[in-house]
Amino acid sequence: MCLRIIVCLSLLAVTAYSFNDNNFVEFFEQKPNDEGKHWALLVAGSSGFYNYRHQADVCHAYQIVKKHGIPDERIIVMMVDDIANNKENKDKGVIINQPNGPNVYPGVLKDYTGENVNPKMFLEVLQGNAEAVRAMNGSGKVIQSGPNDHVFVNFVDHGAPGILGFPRTFLHASELSPVIKKMARDQKFAKLVFYIEACESGSIFAGDLLPKNINVFATTAANGKESSYACYFDSRLETYLGDVYSVMWMQDSDKEDLSTETLTHQFEITKKETNTSHVQEFGDVTIGQMTVAEFQGKQIAAPVDTENIPNPNLDAVKSEDVKLAILEHRLLAAKTDEERMFIEDELDLLVMERTKTVNTIKHMISFAVNDQLSDTRKMMTLRRPLTQHDCYRTVINHLLRVCPALNLPENDYAMRHFYTFVNLCEEPVATDVIISAMDKVAVDTQFC
């Protein structure tokens, strides 16, 4: 009897203490589960049917993270959404990412489309700034991640030294890097992983742009000086269905057990099987020992048979040559003389535009170095690493304003020549001198 009284009194004392001390662990309740959530931000930064492959990549990526259990409330998709029902699309409402592949468009979220696919929106969504996107057209969703969460970002578009493209403007590495570092300081994630498909995408994380000690791991389709490659030309749709790097990692995710495969293993497979460009890794590579499931979803999904899917490297073309290659395919398939003449005229016009692009940039370089032929030649041939980010960002943004005829954000061929402005800034040529040179060329309608 006495023993029962002592036990009861002890329990009452403990219970009283638990209700009176805010720091005491709740006695009768199980500890809350502090396992982090999974978030995915999927972005296709281009527009136009000839860029079909970018939105196809992102739609496929959505299907992967969705079927592996990341719920729609924690997936955010940004894409212009002008492909599925485009007048050039012979299969309305259908987007495929491989020859004779499944329709990857159904169910895809449309959180931010059209003009809302832009650098500012991307950065606000990434860092969870719900207030900033509230007034914009879209779902209003942002990455509301916390210190225990894993975030996966897949970005697909054109690129240039230190630049990722959007339909109307550019995102500079010098704008992305501070946001990533601030997110790390603010404990917006436990681990953050980027998969970037773009030309010269290795330049986005080069140098100190992505420190190795902030729990961020990134892989890119190319190094900082080369193109990424489009693949899977579809003769019926007359466009490319995918990009080699993106196709490789996604086909791997489709067939592997993500709960046992590591990020490093996926990186190594993608690197080995992408023989058109040099796939890179950056940041904290120890994160690579974590499983792919920790970022693309933990739910077990039935594997996809990829044995009969063609090798994407076989018909791959440089991103900047996609328009040219599409016209060449159309020319070979033309059935009448009239059709051939029309396509030949389009080819001539494209070649003229490319010549104009090179001449415009060459004249700007020449003016910037006081018409010194040897200096002009040097600026047009060197490939210096980008360190003068303020100069470079200023001159590229000025070029966008004064030379709209080049249609720069959608002119991947022009972006392949941005290294010349990197060279000027690294020489160093003063920023105002470069801007003055651009203004001189811009007044000549032959160029801008």
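The values are calculated or read from the model by the stated rules, or taken from the named source; none is laboratory data. Keep in mind that this is a model prediction, so the values were computed, not measured. Note that we place each Cβ from the backbone using ideal geometry, even for glycine, and neighbour counts take in every protein chain shown. Keep in mind that these areas ignore ligands, DNA and RNA; they rest on the heavy atoms of the full protein, side chains included. Shrake-Rupley method; radii C 1.70, N 1.55, O 1.52, S 1.80 Å.
Some observations on this one:
- If you plug the beta carbon distance of ASN103 and SER235 into 1/(1 + (r/R0)^6) with R0 = 30 Å, you get a FRET efficiency near 0.95.
- Percent RCO, i.e. relative contact order, over the stretch 283-408, from Cα pairs under 8 Å lying at least 6 residues apart: 11 percent
- The three principal axes of the C-alpha atoms in the stretch 139-179 carry coordinate ranges of 34, 24, 15 Å, sorted with the longest axis first.
- Estimated FRET transfer efficiency when R0 is 25 angstrom, pair ASP315-GLU88 (beta carbons, to 0.05): 0.80
- As a length-normalised measure over Cα pairs under 8 Å and 6 or more apart, the relative contact order of the stretch 192-331 settles at 30 percent.
- For the chain, the spread of Cα positions along each principal axis, largest first, Å: 105, 53, 42
- Set of the stretch 170-200 residues, backbone N closer than 14 Å to the point 7 Å along the Cα-Cβ line of LEU400: 170-176
- Here the label points at MET341 and LYS225, each 7 Å from Cα along the C-beta direction, are separated by 4.7 nm in the simple model.
- The label-point distance for ASP208 and SER259, in a model that sets each label 7 Å from Cα toward Cβ, rounds to 4.4 nm.
- Ordering 202-210, 217-225 by mean Cβ neighbour count within 10 Å, with the highest value first, yields 217-225, 202-210.
- Computed on the stretch 213-287, with alpha-carbon pairs under 8 angstrom and 6+ residues apart, the relative contact order is 49 percent.
- Overall, the anisotropy analysis places the stretch 209-367 in the oblate class: the square-rooted eigenvalues a ≥ b ≥ c of its C-alpha gyration tensor yield a/c not less than 1.5, with a/b not exceeding b/c.
- In summary, the lysines within cross-link reach of LYS356, defined as a Cα separation below 27 angstrom excluding same-chain residues under 8 places away, comprise LYS225, LYS318, LYS323, LYS378, LYS440.
- Spin-label pair HIS278/PHE49, simplified geometry with 7 Å Cα→Cβ offset, distance in nm: 3.8 nm
- Surface composition of the chain: carbon and sulfur atoms hold 52% of the protein heavy-atom accessible area at a 1.4 Å probe.
- Heavy-atom accessible area per residue - the chain, 1.4 Å, Å²: 46 Å²
- Residues within the reach of a label modelled at ARG384 (point 7 angstrom out along Cα to beta-carbon, backbone nitrogen below 15 Å), restricted to the stretch 354-371, are 365-366, 368-370.
- In degrees, nearest ten, helix 244-255 long axis to first principal axis of the chain (Cα): 30 degrees
- Whole-Hz ³J(HN,Hα) from phi, Karplus 6.51 cos²θ - 1.76 cosθ + 1.60, for the stretch 387-400, glycine and proline x: 10, 8, 5, 5, 4, 4, 4, 5, 6, 5, 5, 5, 4, 4
- Given their separation in residues at 0.36 nm each and the Cα-Cα distance between them, MET136 and ALA184 gain 14.7 nm when the chain is fully extended.
- Derived scalar couplings ³J(HN,Hα) [the stretch 282-295; Karplus, 6.51 cos²θ - 1.76 cosθ + 1.60; whole Hz; x for Gly, Pro]: 9, x, 7, 6, 5, 4, x, 7, 7, 6, 4, 4, 5, 10
- Estimated from the Cβ-Cβ distance and a Förster radius of 45 angstrom, the FRET efficiency linking SER436 and LYS110 is about 0.55.
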